[in-house]
Amino acid sequence: MKAVVQRAVDASVVVSEETVGSIDRGLVILLGVTHEDTEEDARYLAKKIPYLRIFEDEEGKMNHSLIDIGGRMLSISQFTLYGDCRKGRRPNFMQAAKPGAAEDLYDKFNDMVSHEGVEVETGQFGAMMNVQLTNEGPVTLILDSKDR
């Protein structure tokens, strides 16, 4: 499972001209699922991301987590994180999990983060989404559940 983690001042996701999720200060997560991912991969990221100390303290040092600041998370499914661009000019998405399995793990990840005490807003799985984000910092990190 791959996650692009972005610290945000605010963010929203729109589907068919309707806002389906929005947050103020917090994290925007783009989450990709591959074939061999399991519930353990979702659990690893759900336990890691809310506690990453990537928000600044009073001295300007990154010492606070999403939990510490009481921030929210906007979670967006993103199968294109598994796009392979090594050959040709069109990405190959063969490493992305099939939609049913991917949606199940995406939902489990969101539920697990909620159980950590974080309010989670989401996009709409499988939909064409327009995401607006004010990246704070900018701070952007990439996590892979296989790199533990």
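The values are calculated or read from the model by the stated rules, or taken from the named source; none is laboratory data. Only a predicted model underlies this, so the values are computations on that prediction, with no experimental measurement involved. Positions of Cβ are backbone-derived with ideal geometry, glycine not excepted, and every protein chain shown enters the neighbour counts.
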Exercise for review: Hey, could you check segment 29-56 for residues that are in a strand (DSSP E or B) and farther than 16 Å from His115 by Cβ and say which is farthest from the chain's Cα centre (by Cα)?
Suggested key: Glu56
Exercise for review: Go through segment 96-128 and count every residue that is surrounded by fewer than 18 Cβ atoms within 10 Å (Cβ to Cβ) and more than 19 Å from Glu39 (Cβ to Cβ).
Suggested key: 6
Study note, to complete from the structure: Scanning segment 64-84 for residues that are touching a Pro at 6+ places or on another chain (Cβ under 8 Å) and part of a loop (DSSP other than H, G, I, E, B), the one surrounded by the fewest Cβ atoms within 10 Å (Cβ to Cβ) turns out to be Gly83
Exercise for review: Have a look at Lys61, Lys2, Lys87 and point out the one that is farther than 18 Å from Ser114 by Cβ and buried (at least 17 other Cβ atoms within 10 Å of the Cβ).
Suggested key: Lys2
Revision key, fill the gap. Within segment 108-148, restricting to residues that are part of a loop (DSSP other than H, G, I, E, B) and on the phi > 0 side of the Ramachandran plot, the one that is modelled with the lowest pLDDT is Gly126
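Going through segment 52-95 one residue at a time, which ones are polar (S, T, N, Q), closer than 28 Å to Glu36 by Cα and without any contact (Cβ under 8 Å) to a residue 60 or more places away in the chain?
Matches in segment 52-95: Ser75, Ser77, Thr80, Asn92.
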